[in-house]
Every structure is written in structure tokens, then in C-alpha cells.
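Here's the structure, in C-alpha cells; my notes come after.
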Amino acid sequence: MPPAKPAKPSNLVVMRHKVANYSKWLPAYEGHDSVRRAYGIHNYILGRDLDDSNMVTVSMIMDDAAKAKEFAALPNLKDAMKKGGVTGTPTMQYLDVQMLDTTAQVGPMRLRVTHKVKDWDTWKKAFDSHKQARVDAGLSDRVIAYDVDDHSIVTIVMAVSDLAKAKAFSTSKDLKDKMAEGGVIGAPTIVWYHIVKKY
């Protein structure tokens, strides 16, 4: 009997925004949980940027992307965000997660990269072939995903064990060449952050 195929990881909705005060924002965020759950959205991970601790990344498990988008459009979500001290307009990503690794014991520092690619399969082949270079730079793959509506928009989350090495790698010619081989279009969006809470 062939081994059972591993279950597909849960999909994620990732919201990113600035807050006036994290300690005041957190109770407002958690106080809105019943509304999120009614739309099939579940608390997962909170992160704060390394260079601006009031920039918050909220990663939530979503049961259904259409319902998650309905939630994002709710008028009372804007009210709840305002009450929590959210400043500016949040960005939202709806991710179809292709790989999620929670097995390794790693620290809380993360690097998230989002970029557009010409073709998912071509990019994935180039990305996979470069794994050892990431390992040597103190990076371990945690999440690989694409946008639920556009497979050419790719997001990778990596655990960071050596910030200096990882930052040097992120601007290296080696990485630039590999991204070109993988068909990356334009400059990536890069976020360095700490996980501050897991649910």
C-alpha cells in the first residue's frame, strides 16, 4: 500500500499594517476574534518588524479565501482597526500555501519575500536548486506559497538564524542571478520581522 499523501497545509491570509501602540492594539485585535472565526479565519502568528516594532504582520489561517475577502471588506473591521490604533491602509495577501514546515526548532526571526515570477514551475525549480545557499546563509524555508488568484505572485517565509549572513545573501550577486534564472520580475518586497506571538 503506498504511503498516504501528506495533507495540504492550511491557506493563510496575511495582513500587514502600522499601529500607534502595539500593547494597545493587541487587545483590540484579540477582541475581534469572534467576528474573524465567523468568517473561517483563525489566529495563527503575530510578527513585528525588526526596524519598526509598530509595523505588524498578522498571519491567520483561512478556511475559504472568498469568505476571508468578505471579512476584509466589513465596515466594522475598519472601525475595529481604528479603535486599535491602526494607521494607514493595511495590505492583505491571500496565500495558497504549497509548503509549510513547522517541524524544525528555529528562533523567532523571519524574512518574508514576495515577488512576481514569469512561471511558477520554472521559479520553483530554480528556488529548490538554491536551497544549500540559503542554508549556508542561515536561512531555513518555512512557508512557500502563491496568491490564491495569481500563481505568479510568490511569497516565501524563511527562519533567520544569522541576520548578518542573511542580509548579505539577500543582496548578493548569487541570489540575483538565481532569481533571474527563476524568472523573477521586478524588485521583491522584503520584510524582516520577529514572531512575537503564536496561537
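The values are calculated or read from the model by the stated rules, or taken from the named source; none is laboratory data. Keep in mind it's a predicted model, so treat the numbers as computed, not measured. Reconstructed Cβ throughout: ideal geometry from the backbone, glycine too, with neighbour counts over all protein chains shown. Just the protein is used for accessible areas: all its heavy atoms, side chains included, with ligands, DNA and RNA removed. Shrake-Rupley method; radii C 1.70, N 1.55, O 1.52, S 1.80 Å.
Observations on the structure shown:
- Here the Karplus curve 6.51 cos²θ - 1.76 cosθ + 1.60, taken at θ = phi - 60°, turns the phi angles of region 146-154 into couplings of 10, 4, 4, 9, 8, 5, 8, 9, 10 Hz, with x standing for Gly and Pro.
- Summary of the geometry: region 30-65 and region 90-141, compared by the centres of their Cα atoms, lie 20 Å apart.
- Length released on extending from residue 167 to residue 35, taking residue separation times 0.36 nm less the Cα-Cα span: 43.7 nm
- Within the accessible area of region 66-113, the carbon and sulfur atoms contribute 56%, probe 1.4 Å, all protein chains present.
- Classified by the C-alpha gyration tensor, region 9-111 has an oblate form. Its axis ratio a/c, with a ≥ b ≥ c, is 1.5 or above, and a/b does not exceed b/c.
- Put 118, 178 in order of accessible area, highest first, and with a 1.4 Å probe you get 118, 178.
- A simple spin-label model places the labels of residue 10 and residue 24 3.1 nm from each other, with each point 7 Å out along Cα-to-Cβ.
- Per residue, the accessible area of region 1-157 comes to 52 Å² when a 1.4 Å probe rolls over the protein heavy atoms.
- Rounded to the nearest 0.05, the FRET efficiency derived from the C-beta distance between residue 42 and residue 83 at R0 = 22 Å is 0.55.
- Rg followed by Dmax, in Å, when region 45-85 is reduced to its Cα trace: 12.5, 33
- Three principal axis lengths of the chain [C-alpha, angstrom, descending]: 46, 45, 33
- Listed by chain and number, the lysines placed with their C-alpha closer than 25 angstrom to that of residue 173 are 116, 118, 124, 125, 131, 165; residues fewer than eight positions away on the same chain are left out.
- Share of Cα-Cα pairs in region 12-60 lying beyond 12 Å, as whole percent: 63
- Oblate is the label for region 122-198, because a/c, from the alpha-carbon gyration tensor with a ≥ b ≥ c as root eigenvalues, is 1.5 or above and a/b does not exceed b/c.
- Tensor-based shape of region 89-160 (alpha-carbon gyration tensor, a/c under 1.5 rounded, otherwise prolate or oblate): oblate
- Label zone at residue 70 (point 7 Å along Cα-to-Cβ), backbone N below 12 Å, region 4-43: 38-41
- Comparing mean-square fluctuations of 166, 137, 38 from a GNM of the chain with C-alpha springs under 10 Å, the top value falls on 38.
- FRET E, pair residue 196, residue 174, Förster distance 41 Å, beta-carbon r, rounded to 0.05: 0.85
- Sequentially through region 118-129, phi angles give Karplus couplings (6.51, -1.76, 1.60; θ = phi - 60°) of 5, 8, 4, 5, 5, 4, 4, 4, 5, 4, 4, 6 Hz, Gly and Pro residues having no value and appearing as x.
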